[in-house]
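Take a look at the structure below.
Every number in this text was worked out from the coordinates using simple rules, so none of it is lab data. Keep in mind that this is a model prediction, so the values were computed, not measured. All Cβ positions, even for glycine, are placed from backbone atoms using ideal geometry, and neighbour counts span all protein chains on display.
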Amino acid sequence: MGCDKALLEVDGVALVRRAAAELEAVGAEAVAVVGRGRAYPGLPLPQIEDRRVDCGPLAGLEAALAWASPRPVLVLACDLPCVGRRALERLLRRAADLPPVEGAARAWLARRDTRLQPLCGLYAAACGPVFARVLDGGERSVLAAVAAIDHEPVDFDDFTPDPFLNVNTPADFAAVAGWTATP
């Protein structure tokens, strides 16, 4: 992108604040997980620093799970600005229908068109140690880490437009710049 995606604005709201608002709308405690040595001055959210340097989103998941333990973590990447409350509520309902076994490393992950969206999901606390071991082994892929846990896909093929439009390029950002998440 050439800039920090978290600070890009959609409808006048920074992506990081937008994700926090959607999480709070479903009763989750919103925090921002930031890279080592990075902070967002003025951001009215607790900020949790990755435990590892330059290990990407998997290190962010590890840090969030360690911070929240023994509670589960509802994750929403800030570069998924079209995911709204309705999608998060579906994830939470599905998890309530299939509750975790005590101590099991289990997650409920959004899926659309057969593609898992591991940065939109609910992770049991027991996923944290598994992700730490995966990172210790040199793996950085979130999907590789998800393969090491029990995960339940939650389908979103019926949502239109696609709520998982990811902002990775200026063209992606232009595609969602005027889009507002579904309440």
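Glu152 sits among other residues whose Cβ lies under 13 Å from its own Cβ, and their net charge, with Lys and Arg +1 and Asp and Glu -1, is +2.
All Cα-Cα separations within the stretch 5-176 were binned at 10 Å from zero, giving a P(r) of 10, 40, 39, 11, 0, each value a whole percent of the pairs.
For the chain, modelled as a GNM with alpha-carbon contacts under 10 angstrom, which of Pro161, Pro129, Pro72 fluctuates the most? Among Pro161, Pro129, Pro72, the largest GNM mean-square fluctuation belongs to Pro161. Sparsely packed loop sites in the stretch 84-183 (the GluC sites (Glu not before Pro) outside DSSP H, G, I, E and B with at most 14 other Cβ atoms within 10 Å) comprise Glu102.
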